[in-house]
There are 2 protein chains.
Amino acid sequence: MRPKDFEKEEAIRSIALRIIAEEGLENLSMQKLAKEANISPRTIYIKYENKEDLLIKLFIDEVLGNYEKAVLEGFEETMNFEEGVRKIWLNTFKYFKSNRQSYILMQYGKSSPLLNKAFKERNINEGDFFAPVHRFLKRNIKNGTIKSFPIGVLRALLFAPLLDLSNEYFEYKERPKQIITEKVLSDCCDAIIEGIKL
Amino acid sequence: MRPKDFEKEEAIRSIALRIIAEEGLENLSMQKLAKEANISPRTIYIKYENKEDLLIKLFIDEVLGNYEKAVLEGFEETMNFEEGVRKIWLNTFKYFKSNRQSYILMQYGKSSPLLNKAFKERNINEGDFFAPVHRFLKRNIKNGTIKSFPIGVLRALLFAPLLDLSNEYFEYKERPKQIITEKVLSDCCDAIIEGIKL
DNA sequence: TTAGTAAGTAAACGTTTGTTTACTATTAAA
DNA sequence: TTTAATAGTAAACAAACGTTTACTTACTAA
């Protein structure tokens, strides 16, 4: 049996992500994707059932998976609250900083009816990702270290501004005076921690 | 001269928004839009140059415009810091609560290459929206009421969690126990204000 | 009352869409 | 060296795409 060519599989994924991020999902077609990857359209259908299947697997495996891995690098749920939150903040910002594609796809995931549908069908909920962070937060509530908000609310308060800050970084990237310096980022993190601690 | 039928114009806009929010931008076609609005495709081209023009005007006028109006209702830039921030929080949440479509389109706007391109071409920047809020924030920095972050950073810290909280509200809407109660929302607002005040 | 004009329609334009058919290439196992 | 099976290709399919052409309708100003 002829073995799969994993280089082709990788090409399909990376080129698809590039087109979505740079030209928008509405401009991703199977034929365009095949052409840019130098393969026949049929080859995509060997690896994915159809376009919807491709998009969903792309998002769950590549976007969410890589994001989670980058964010949790070096994070231990036994860290103290300040240390843990700061670690996640720096990891997240570092990841998006060198990876604008992921930022765009992440935002896209929040609004896409297709992906929301897929998540419901597969019974995937947000708690399945970042489980160590959730346990970390729960422990710190029990400890009495932080205010007792529902997990989803804590996640919003602690990490939602990060996506906007990453975007702010891109907006001003070409300008002479960088706005999101390490100091600003660190001060932001402090401000948020301050408001959430008991 | 035969006058424009404004009901048709309104139908085009509201149906287009519905399709984008419920089925995704990739499923909005001019023919589908015309069919659902009970008009000829040609009629859309009387009111908009092409599909891109329709999408951009739709987003700037309907989505951003209505959002700004709802958020600023009853807000005065002379309010004191806590009062002003709380007003915006409650307005925003109330708006998204009864208007999930806008939430989805708002998120879409953040990721869409098409809209980002349009903003650059037209020299629209975020400062053009919510000017009263920006002046309000600047005054409170000068006052020494709050920490001296760049405006874009303050905006992220103060208002970014709101979008996620609105989504959290939807996620749990059908469940017996509501998570985002008025009390939780108010406590969140307090926590953020606490971290930002000097 | 009528002439002029923009609004609107029905139907079609050439392209591109997602996907499939019919075929060839490449490899592991027998 | 042959066999069986999957990977991959080139070309095509009907359907849908954005947009336009040719025409009709409805109203205003003269």
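Annotations
- Just one of the listed residues (B:92, B:43) is within 14 Å of chain A (Cβ to nearest Cβ) and either out of contact with any Lys or Arg (no Cβ under 8 Å at 6 or more places or on another chain) or within 14 Å of DNA strand C (Cβ to nearest atom) (or both), and it is B:92.
- Members of region A:38-65 that are in a helix (DSSP H, G or I), open to solvent by 50 Å² or more (accessible area, probe 1.4 Å) and without any contact (Cβ under 8 Å) to a residue 60 or more places away in the chain: A:41, A:42, A:45, A:46, A:51, A:57, A:61
- From the options A:77, A:83, A:7, residue that is more than 26 Å from residue B:118 (Cα to Cα), open to solvent by 40 Å² or more (accessible area, probe 1.4 Å), part of a helix (DSSP H, G or I) and more than 15 Å from DNA strand C (Cβ to nearest atom): A:83
- Within region B:82-114, being more than 14 Å from the chain's Cα centre (by Cα) and farther than 28 Å from residue B:147 by Cα holds for B:112, B:113, B:114.
- Meets criteria (among the aliphatic types (A, V, I, L, M) and open to solvent by 50 Å² or more (accessible area, probe 1.4 Å)) for residue A:90: yes
- For region A:146-163, a tally of residues being more than 8 Å from every other protein chain (Cβ to nearest Cβ) and open to solvent by 10 Å² or more (accessible area, probe 1.4 Å) returns 3.
- The set of residues in region B:12-37 that are more than 10 Å from DNA strand C (Cβ to nearest atom), among the small types (Gly, Ala, Ser), crowded, with 18+ Cβ neighbours inside 10 Å and away from chain A (no Cβ under 13 Å) contains only B:16.
- Within region B:95-116, being closer than 17 Å to residue A:114 by Cβ and in contact (Cβ under 8 Å) with a residue 60 or more places away in the chain holds for B:100, B:101, B:103, B:104, B:105, B:108, B:112.
- Residue check, residue B:69 within 14 Å of DNA strand C (Cβ to nearest atom) and at pLDDT 95 or above: no
- Output for region A:95-112, where each listed residue is at the interface with another protein chain (Cβ under 9 Å from one of its Cβ atoms) and touching a helix residue (DSSP H, G or I) at 6+ places or on another chain (Cβ under 6 Å): A:103, A:104, A:105, A:107, A:108, A:109, A:110, A:111
- Residue match in region A:52-66 (condition: under 27 Å from residue A:138 (Cβ atoms) and either within 11 Å of DNA strand C (Cβ to nearest atom) or of a type in the set (S, T, N, Q) (or both)): yes
- Residue count for region A:117-137, restricted to those that are open to solvent by 10 Å² or more (accessible area, probe 1.4 Å) and without any contact (Cβ under 8 Å) to a residue 24 or more places away in the chain: 10
- Selection within region A:1-37 - free of Cβ contacts under 8 Å to residues at least 60 places away in the same chain and small (Gly, Ala, Ser): A:11, A:14, A:16, A:24, A:29, A:34, A:37
- Scanning region A:29-69 for residues that are under 20 Å from the mean Cα position of the chain (by Cα) and either under 16 Å from residue A:107 (Cβ atoms) or among the aliphatic types (A, V, I, L, M) (or both) yields A:54, A:55, A:56, A:58, A:59, A:60, A:62, A:63, A:64, A:66, A:67.
The values are calculated or read from the model by the stated rules, or taken from the named source; none is laboratory data. Keep in mind that this is a model prediction, so the values were computed, not measured. All Cβ positions, glycine included, derive from the backbone under ideal geometry; neighbour counts span all protein chains shown. Quick note on the areas: whole protein, heavy atoms, side chains included, nothing else; ligands and nucleic acids left out. Shrake-Rupley method; radii C 1.70, N 1.55, O 1.52, S 1.80 Å.
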